[in-house]
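Chemist: Below you will find the structure I want to go over with you.
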Amino acid sequence: MNQLYDTDMTHISDCFDNCSGRERKPEVGTGAEFMERANWNNRPYGNDARESSESQISFYKYSSSKCTLLVLLITVTLILLLLIVAIVVLFALKVVVLQSGNDLDNSTSTLSTQFLPRPVTTVTPSLSWTSSIQVTPVIPSIVPTRPSTTTTVRTTPVLLTQIFDCQLYIKNQANPSYNLNTSFEYQQASQMIFNALTRMLSGTSVKQNLEKVTILRLTNSGDDLLVRFEIKLQTPNQRTANVELLRNIFQSNMFLLKNLLNQIEIDETRLSIV
């Protein structure tokens, strides 16, 4: 009965303390009294933890950085070992030789003296007390003689001018207009005959020596037309042209000459070349 009464009184006292706002001291020797003495009530246990990206610790990041440092340390160690081994091998093969300062100066002076030009020494005759003169023999220099060159002068051949008077008869081509050499028909016929003769001779063996063809005169001869013309050739004196050569040229090219004159008839029997 007394225990129940104490419980009720404790409950009533708690309610009174809560209603009056007065803090209730915990009992001595309890856990609440220990927590109060340790000031646990002022610690932010009930507050949400603030996340900070700067102070946050990541175990994965720590382990990754540690591995990276370990790999770099191993790599540097291997490079140093390889460098030491290479230096030892070079010394063993005598590829690298250490020289002292004196040896280095001697080698430098040796190299410099090798590339210096040698001084020119002149031998002068020295007169001794016994009046003996030492003379250095002088070897005469032999100048090579150039072979004589002969120049050949080319002689240009002398060209001879040859003029051949020629005449031919064109059948059934007489025209009263040809009696006047200033008429249009006369000039037209002369130009046509000149072009035909020049073209025919340009395709023969005398084309290189042909200088010009000149129409001298057109004259009516009955029903035929007499054409007088001259051929001027420049030929070397060793190979002069002759009448027979020109006659053969005309006879072999008479068909071409007729075609060039619009298929007219030419009396080959009265062809004259002088």
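Chemist: What GluC sites (Glu not before Pro) in the stretch 224-274 are in a loop by DSSP, with at most 15 other Cβ atoms within 10 Å of the Cβ? Each step should come with its number before you reach the end.
Modeler: Values: sites: Glu230, Glu244, Glu265, Glu268; in loops: Glu265.
Qualifying residues, ordered by number: Glu265.
Chemist: Rounded to the nearest 20 Debye, what is the dipole magnitude of the stretch 159-273 about its Cα centre when Lys and Arg each give +1 and Asp and Glu each give -1 at the C-beta? Mind dumping the intermediate values first?
Modeler: Working: 11 positive and 10 negative charges, 73 e Å.
The calculation lands at about 360 debye.
Chemist: For the stretch 172-274, which chymotrypsin sites (Phe, Trp or Tyr not before Pro) are both in a DSSP coil and crowded by at most 10 other Cβ atoms within 10 Å? Write down the numbers at each step before the final one.
Modeler: On the way: sites: Tyr178, Phe184, Tyr186, Phe194, Phe229, Phe250, Phe255; in loops: none.
The qualifying sites: there are none.
Chemist: Please report Val85, Val213 as a ranked list, fewest other C-beta atoms within 10 angstrom at the top and most at the bottom. Walk me through the numbers on the way to the answer.
Modeler: Working: Val85 10, Val213 20.
Ranking Val85, Val213 by Cβ neighbours within 10 Å, fewest first, gives Val85, Val213.
Chemist: List the trypsin sites (Lys or Arg not before Pro) in the stretch 183-274 that DSSP assigns to loop (not H, G, I, E or B) and whose Cβ has at most 12 other Cβ atoms within 10 Å. Which are they? Mind dumping the intermediate values first?
Modeler: Numbers: sites: Arg199, Lys207, Lys212, Arg217, Arg228, Lys232, Arg239, Arg247, Lys258, Arg270; in loops: Lys207, Arg239.
Within the stretch 183-274, the qualifying trypsin sites (Lys or Arg not before Pro) (loop, at most 12 other Cβ atoms within 10 Å) are Lys207, Arg239.
Chemist: Please arrange Ser183, Ser64 by how many other C-beta atoms lie within 10 Å of their C-beta, fewest to most. Numbers along the way, then the final one.
Modeler: On the way: Ser183 14, Ser64 11.
Lowest count first: Ser64, Ser183.
Coordinate-derived values only; no laboratory data. Keep in mind it's a predicted model, so treat the numbers as computed, not measured. For neighbour counting, all protein chains shown are included, and Cβ atoms are generated from backbone atoms with ideal geometry for every residue, glycine included.
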